[in-house]
1. Could you give the length gained on full extension between ASN276 and LYS69, defined as 0.36 nm per residue of separation minus the Cα-Cα distance, in nm?
2. Just the number, please: carbon plus sulfur as a percent of the accessible area of region 136-265, 1.4 Å probe, no ligands or DNA/RNA counted.
3. Once neighbouring chains are kept in place and the probe is 1.4 Å, which whole percent of the accessible area of region 270-344 is contributed by carbon and sulfur?
4. Suppose R0 equals 22 Å. What FRET efficiency, 1/(1 + (r/R0)^6) with r the Cβ-Cβ distance, do GLN125 and THR197 give to the nearest 0.05?
5. With charges only on Cβ, +1 for K and R and -1 for D and E, what is the dipole size of region 247-376 about its Cα centre, in debye, rounded to 20?
6. Want the number for ASN313 to ASP160: 0.36 nm per residue separation, take away the alpha-carbon distance, what's left?
7. Within region 170-316, count lysine pairs with alpha carbon atoms under 22 angstrom apart where the residues are 8 or more positions apart or belong to different chains.
8. Cα centroids of region 536-555 and region 187-214: how far apart, whole angstrom?
Amino acid sequence: SELIRGFLLSGMPCPSSCPPGLLALMAPGLALMATFSLPSQAGDRRALPVEKTSSVRGRTLILLDVNTKSPVRIISENFLSLQLDPSIIHDGWLDFLSSRRLVTLARGLAPAFLRFAGKRTDFLQFHNVKNPAKSRGGPGPDYYLKNYEDDIVRSDIALDKQKGCKIAQHPDIMLELQREKAAQMHLVLLKEQFSNTYSNLTLTARSLDKLYNFADCSGLHLIFALNALRRNPNNSWNSSNALSLLKYSASKKYNISWELGNEPNNYRTLMGRSVNGSQLGKDYVQLRSLLQLIRTYSKANLYGPSIGRPRKNVIALLEGFMKVAGSTVDAVTWQHYYIDGRVAKVTDFLKTRLLDTLSAQIRKIQKVVNTYTPGKKIWLEGVGATSAGGMNNLSDSYAAGFLWLNTLGLLASQGIDVVVRHSFLDHGHNHLVDQNFNPLPDYWLSLLYKRLIGPKVLAIHVAGLQRKPRPGRVIRDKLRIYAHCTSYHNHNYVRGSITLYIINLHRSRKKIKLAGTLRDKIVHQYLLQPYGKDGLHSKLVQLNGQPLAMIDDGTLPELKPRPLRAGRTLVIPPLTMSFYVVKNVNALACRYR
């Protein structure tokens, strides 16, 4: 014990003379998430200065090893997926999904699902009209500029002549006019959202063509959520409009998976009528029967019920649904938002208590699902940092990344198969790409995740110096470490490599020494930090000190690592997120797909 204590306080690497069982003695146990922290300062609203390294903290060295023999979880190849909200019909952005720049950005996150769903799902009507001049939704020429509408129609006709992927290069003036229109519509959409009263939306055949073209060109698999609030007098689902959409999609041979409705627990608030879990289950069984009648979709995947946060009434709805339709769906889905976007502050994104709220929800959902259909896959859909559309310079800033990266790590470690991010492009501030088609910090974070992280989740062993909590205080996890096999799609690394990703919420740097199977291996560092004078509020990021930006509309930048010499201690700067690829580990768990 004296040897261990002296080693930890010295901050020196373990000498070759260390007893073989030293790491085992030091490790408090095996954990999926490493936890090292000081008492939480969740209530602190002051500025966030970097702490000066005290004598104790400066000597703190964390030992880290990974179990390389077998994975503890295997998640979907499409684990990190995307969502588009039907509001893009309302504000006009759907007409610009053919933009080369948007397609390039979406391709960077493939393979993934693209879920077309949101608050307006249950107000969406399909209208099978092909004439673009007569089928345009939105405000129309009286509201907006006539030549802009004509340009959209001409663009549609030009796209029709293309074979394969239909890609457009929209003139800057069109994009400027669209941004002006979207800004006006944003106020309308926010008013609807805050009042919880939504106007009907019409999805034309041409609009569906554009949506599918974007997904297909980007390498994304489209999941379309049908309107569940079209009800018969006996409160059963009226499938007539859905059947029209299904027949049209089948005639075009579109490869689509399906859902029915969005957050059914809110239907009473939206329409003054509720749909209980049993009835919703019957509706899903009805939809499955409908799909089986259409050859193209006889084996299509069906997901649901896309419930909200698992409070008591929502759990009751889920239980009723699982009794009737648990075996009908291919995965059970639910949604989660961390913060009310209208009241969020930057310090909220640093609260470990907030990061931990998701764990309890996962357990609640898993308990119900495993009671009725053990082993059924579970997805988290529509996840975002904040509700109510988010907040400018906050939910679209570097600070929001702490929640996003922790969500990815936590869900993977607990066996959630897919997480669907709301949203790729949206009218609010929870999106990955802004309305100038520039990637935001969470996009770059997602791109790094896609490039470096594989579906196999590994367990980690840790040892380090941790202070005891003062009476009445709980030590929260301000340093979070996750480990996966490196992505097989990344040809820069041989199979058997391991990727660590680390969130440091401390206001001081932390040191990590790789041990055991990771010891004396070459490491590639990908350190993501805010760029510019705005700090945590920044919408720009740098990778290993180099600002990240698209090279041109068709080219993403190369994500260059910083090689670290073998055996070097990892120094994690304060309030940062980082990835570390440990090369040539030859991990048994990671050699084969």
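The values are calculated or read from the model by the stated rules, or taken from the named source; none is laboratory data. Remember, predicted model here, so these are calculated numbers, not experimental data. FYI the Cβ positions are ideal-geometry reconstructions off the backbone, even for glycines, and counts take in every protein chain you see. Note: accessible area is taken over every heavy atom of the protein model, side chains too, but ligands, DNA and RNA are not part of it. Shrake-Rupley method; radii C 1.70, N 1.55, O 1.52, S 1.80 Å.
1. That pair, ASN276 and LYS69, stretches by 69.9 nm at full extension.
2. Within region 136-265, the accessible surface is 52 percent carbon and sulfur.
3. Ligands and nucleic acids excluded, carbon and sulfur reach 47 percent.
4. 0.85
5. The calculated dipole for region 247-376 is roughly 100 debye.
6. Gain on stretching ASN313 to ASP160: 50.3 nm.
7. Eligible lysine pairs with Cα atoms under 22 Å apart amount to 11.
8. Using only Cα atoms, the two centres lie 31 Å from each other.
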